[in-house]
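Accompanying notes for the structure given below.
The values are calculated or read from the model by the stated rules, or taken from the named source; none is laboratory data. Just so it is clear, the model here is predicted, and its values are computed rather than measured. Here the Cβ positions follow ideal geometry from the backbone for every residue, glycine too, while neighbour counts run over all protein chains shown. Note: accessible area is taken over every heavy atom of the protein model, side chains too, but ligands, DNA and RNA are not part of it. Shrake-Rupley method; radii C 1.70, N 1.55, O 1.52, S 1.80 Å.
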Amino acid sequence: MSQPLTESVRWTTADLELLPDNGNRYEIVDGELFVTKALHWNHQKVCGRIFSVLDTWSQSTGLGQAAINPGIIFSDADNVIPDVVWASNQRLAVLLDNAGHLTAAPELVVEVLSSGEENERRDKVAKLKLYSTRGVQEYWITDWQKQHLEVYRREQATLKLITTLFINDILTSPLLADLQISITQIFA
């Protein structure tokens, strides 16, 4: 379950170093700290399936790379750990710092929803706004419980909901030429 610890404190990346290494995931969006406890088995399964499809496609095309749970340090007030990302080789060459963290937006970010209103607010409001302002080209929000996937694409400098895909649909993307992902495959 994710909850901001306090509304009055503006958290920074430096503050993360002071937090315990206790298995929780700590993220900062616009100075607000979000803490997520161990994730549900099905959440992780869906992350793995999406990563697997993106990784296999990337290896066969040589056009980019996918990663699970990479850190993205946009600024001192915006430090997040998306579930899955994909970046083209050209973009990846300028994204990584010496510590192996992304320092700017990859083309594609995927978040798999965890249970709870606060988790949904984090992914559908706070992170959507962050990814939109930082230049993510496409954002997928996957709900393993309701078995659907929302696709947001950059239009006129902002991420807009393009479609919601359900169990019998096929996901395609202008970023990933000829890739077709069966929504059934993600949730099977």
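Each residue of segment 120-133 is assigned a 3J(HN,Hα), and the resulting list reads 5, 4, 4, 7, 8, 10, 5, 6, 4, 5, 4, 4, 5, 6 Hz, derived from the Karplus form 6.51 cos²θ - 1.76 cosθ + 1.60 (θ = phi - 60°), x at Gly and Pro.
Antiparallel beta bridges, as assigned by DSSP with both residues in the chain, represent about 85 percent of the total such bridges. Place a label point 7 angstrom from the Cα of residue 19 along the Cα-to-Cβ direction, then list the residues of segment 72-95 whose backbone nitrogen is under 16 Å away. Zone members listed by number: 72-83. Evaluating 6.51 cos²θ - 1.76 cosθ + 1.60 at θ = phi - 60° for every residue in segment 69-74, the Karplus couplings come out as 6, x, x, 10, 9, 6 Hz, glycine and proline recorded as x.
Once you've got the GNM for the chain with C-alpha springs shorter than 10 Å, pick whichever of 97, 55, 143 has the biggest mean-square fluctuation. Most flexible of the set in this elastic network: 97. When exposed loop sites are taken as GluC sites (Glu not before Pro) in a DSSP loop with at most 15 other Cβ atoms within 10 Å, the longest stretch of the chain clear of them is 18-188. Legend: calculated FRET efficiency, residue 101 to residue 42, from the Cβ-Cβ distance at R0 = 22 Å, rounded to 0.05, equals 0.20. The fraction of accessible area contributed by carbon and sulfur in segment 1-117 is 52 percent, rounded to a whole number (1.4 Å probe; ligands and nucleic acids excluded). Amide hydrogen proximity for residue 144: with H placed 1.01 Å from N in the peptide plane, the residues at 5 or more positions away or on another chain lying under 5 Å are 113. Each residue of segment 22-33 was assigned a 3J(HN,Hα) from its phi angle through the Karplus expression (A = 6.51, B = -1.76, C = 1.60, θ = phi - 60°), giving 10, x, 7, 9, 10, 9, 10, 10, 6, x, 9, 8 Hz with x at Gly and Pro.
Measuring max minus min along each principal axis, the C-alpha atoms of the chain give extents of 46, 36, 33 Å (largest first).
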